[in-house]
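A short reminder: the numbers here are calculations on the coordinates, not readings from a lab. Note that the coordinates shown come from a computational prediction; the quantities given were computed from them, not determined experimentally. Note: ideal-geometry Cβ built from the backbone for every residue, glycine included; neighbour counts use all protein chains shown.
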Amino acid sequence: MFIFYWLFQHEEKWLAVFKQDNTFIYAEDKESLEKALSSAQILVSYGNYQSSDKFLAKILSDGKSDYLQQYLSIDLSQEIKNRTIEEIGYYLNLDIKAKTPKEFCEKRIAICERIFEEREEYLETKFEIVEEFKLPARAITYTRARLAAELLKAKKMPKRPNILFFKYDKYLPKNELPQQLVDFYHDMSEKYKCDQEEKYKNDKLKMTIANLTHTFGVGGVHAAKEKYHEKGLFLLIDINQFFPTIIKNNDLLAVGVQDKQMFEHLYQKKVETNKLTYKILINAINGAMNTQFSNLYDPQKYYSVTVNGQLIITHLIKLLEGFYEDLIQTNTDGIVIKIKHEMAQIIQEILDLWCEHFHQKAKVKVIEEIWQKDVNNYIFKMQDGSYVRKGIFAEQNYLSANTPVVYEGMFECLVHGVKPQKYVVDAFKNGNLSKFQYVGKLQGDFECIEHQVGDTYRKLNNTIHGVATTNKAFGGVYQVKNDMHSKLPGSPEHFMRMDQAKKSDIDVKWYVKQIEKNMF
């Protein structure tokens, strides 16, 4: 059913390599390409919607079209943020070096196969959506947001001069909120009404609630105790389907939506089944309302939802104030509080009444210990012994396995009290080079990456792979623009390519320092 492929181009020459089951097929002209595709159903590659699919289409149509009409394809890079195929290959510890174009393509196909395995659940849900709602087969190429827009029969509407005119939740008692916060959003709307300047959406309000500094803005609210570590009884209160419920309660769907009943259907199906398919569709809707190219684009509705979300969360904080010991964190759809055991029942009763009033549902989990660097980076040890890890403390995967010894080390050192130097030295003795790999890539509008070696600069590939080294003959790696060199963010002072490095070349102290920077 699936045929993986990769396209290699050099000047006027090109090579397309296809893999079906365990067989490779090679094409270098139109005739061999047509033969290779004769049994194709769905093509799979990475980044192909932007380039490779269009190139094949032009070959097949003698340059008349860049639309691959006869074949369906899957782009494995879809909805993956800013990752190169080489970067993922390094994270997966695959050998991606190649001496010939054929080998180059075959090794990229091997990476694609692994990404396909990693994204199996994502792809399955898209196929399920297409099948269940009888969408055209080509809809498998759509993003989740576009699938949601198709189901809601959304039509692109012109942008209206109303984006900061907030429609407030009908259950929201403004008189029970801090007046400073209510005034902040009222004044934002009033300023916008006068001159229609969108710049006001960037305004921020910092205020103290429950002894914690909160930052409010139309994008959301956040607050957290920084460099915080404590054992005790904590409650993680999450509001289930928070934004979708605000949309449902207040008719805050994008104005271009033609089938509002479909939203109700999806919402109810999610509630009844908790099936991932419905969760994906429902959650995609609000984000799409702030995506300019989506048929669901309606920033006034989007900001109304996000502003209501933070006001409702603030109401919960104020309502529970006096019943908890400490507010530890406020986030988009919930809070973390420290409590005394004897207050647990009354807090649950108040929460139930609050949910009933706002027509929301909350889920409460018990935390035993917290390590929190800031609002985005934290570890929760749950009552059942499992860990919730976010930000720099998150478990690494095929999209993030950069300097594993550092990120694994931060967790072990914080949670289990291992000394950074001991952890890195043990990894050095027992592990392999991949634990120490640094992966970097060209960013923004820089032209290339260069490596300082002695007094010269040598051009490297746009995705680099190496280690921090004690060999002072090797300097740093730099991004170049207009002959100006800028150090690649996060890169070591002395970098050695992975294909040159041995364990004895590793600068253990550099990795220890990276862990220590995040200790508290």
Setting aside same-chain residues fewer than 8 positions from K102, which lysines have a Cα under 25 Å from its Cα? K13, K19, K30, K35, K54, K58, K441, K459
Cα convex hull volume per residue for region 179-310, in Å³, equals 161 Å³
Relative contact order [Cα under 8 Å, 6+ residues apart], the chain, whole percent: 12 percent
Percent of Cα-Cα pairs per 5 Å bin, from 0 to the last occupied bin, for region 1-66, please list those. 4, 17, 30, 31, 14, 3, 0
Could you name the aspartates and glutamates in cross-link range of K231, using Cα to Cα under 15 Å and dropping any fewer than eight places away on the same chain? E325, D326, E368, E369, D384
Between H222 and residues 5 or more places away or on another chain, the pairs with built amide H atoms under 5 Å apart involve T215
How much length is gained on full extension from K422 to Y171, taking 0.36 nm per residue of separation minus their Cα-Cα distance? 84.8 nm
If the cut-off is 26 Å between C-alpha atoms, which lysines fall inside it for K193, apart from same-chain ones fewer than 8 positions away? K156, K159, K167, K170, K174, K201, K204, K206, K301
Interchain or long-range residues, amide H under 5 Å from Q20's placed H: I25
Students often check this: by mean Cβ neighbours within 10 Å, which of 201-213, 247-259 ranks highest, and how do the rest follow? 247-259, 201-213
Any idea how far apart F133 and F293 come out in nm if each label point goes 7 Å out from Cα toward Cβ? 2.0 nm
Phi angles of region 381-392, converted by Karplus (6.51 cos²θ - 1.76 cosθ + 1.60, θ = phi - 60°) into ³J(HN,Hα) in whole Hz with x for Gly and Pro, give 8, 7, 4, 7, x, 7, 10, 9, 10, 10, x, 5
Near F242, within a Cβ-to-Cβ distance under 10 Å, what is the net charge of the other residues, with Lys and Arg +1 and Asp and Glu -1? -1
Using a Förster radius of 35 Å, what is the FRET efficiency between S400 and C194 based on their Cβ-Cβ separation? Nearest 0.05, please. 0.20
How much length is gained on full extension from F520 to D259, taking 0.36 nm per residue of separation minus their Cα-Cα distance? 88.8 nm
In 5 Å bins starting at zero, report the fraction of Cα pairs in region 413-474 per bin as a rounded %. 4, 13, 17, 19, 15, 12, 11, 7, 2
Suppose a student asked you for the relative contact order of region 429-516, using Cα pairs under 8 Å spaced at least 6 residues apart; what percent would you report? 29 percent
Work out from phi, with θ = phi - 60° and the Karplus expression 6.51 cos²θ - 1.76 cosθ + 1.60, the ³J(HN,Hα) of each residue of region 463-475, listed in order in whole Hz, and give x for Gly and Pro. 10, 10, 8, x, 9, 7, 10, 8, 6, 6, 5, 9, x
For region 429-516, report the translational diffusion coefficient in µm²/s to the nearest whole number, using Stokes-Einstein at 4 °C, 1.567 mPa s, and a Kirkwood Rh over Cα pairs. 98 µm²/s
For region 2-118, just run the numbers: alpha carbon Rg, then divide by 2.2 N^0.38 Å, N being how many residues it has. 1.01
Test of the criteria: in region 1-103, which GluC sites (Glu not before Pro) are in a DSSP loop and have at most 15 other Cβ atoms within 10 angstrom of their Cβ? E11, E12, E28, E79
Whole-Å semi-axes of region 127-190's equivalent ellipsoid, largest first, each the root of 5 times a Cα gyration tensor eigenvalue? 39, 15, 9
Counting only Cα, what are the radius of gyration and maximum Cα-Cα distance Dmax of region 370-520, in Å? 16.7, 57
Rg/Rh ratio calculated on Cα atoms of the chain (Kirkwood radius): 1.00
What is the packing order of peptides 56-64, 490-498, taking the mean over residues of other C-beta atoms within 10 Å and listing the highest first? 490-498, 56-64
Working only with C-alpha atoms, what are the Rg and Dmax values of region 296-389, expressed in angstrom? 14.9, 47
Can you tell me, using C-alpha contacts under 8 Å and at least 6 residues apart, the relative contact order of region 2-118 as a whole percent? 26 percent
On full extension of the chain, what length is gained from N211 through Q69, given 0.36 nm per residue of separation minus the C-alpha to C-alpha distance? 45.1 nm
What is the projected area of the convex hull of the Cα atoms of region 67-168, averaged over all directions, in nm²? 10.8 nm²
Quick one: Karplus J couplings for region 156-164, per residue in order, coefficients 6.51, -1.76, 1.60, θ = phi - 60°, nearest Hz, x for Gly and Pro? 5, 10, x, 5, 10, x, 9, 4, 10
Peptides 185-198, 114-127, 230-243: what's the order by average Cβ count within 10 Å, highest mean first? 230-243, 114-127, 185-198
Net charge near A473, counting Lys/Arg +1 and Asp/Glu -1 over other residues with Cβ under 15 Å of its Cβ? 0
Kindly provide the helix-only [θ] at 222 nm of the chain, computed as the sum of -39,500 (n - 2.57) over DSSP H runs of four or more divided by all residues, to the nearest 500 deg cm²/dmol? -11000 deg cm²/dmol
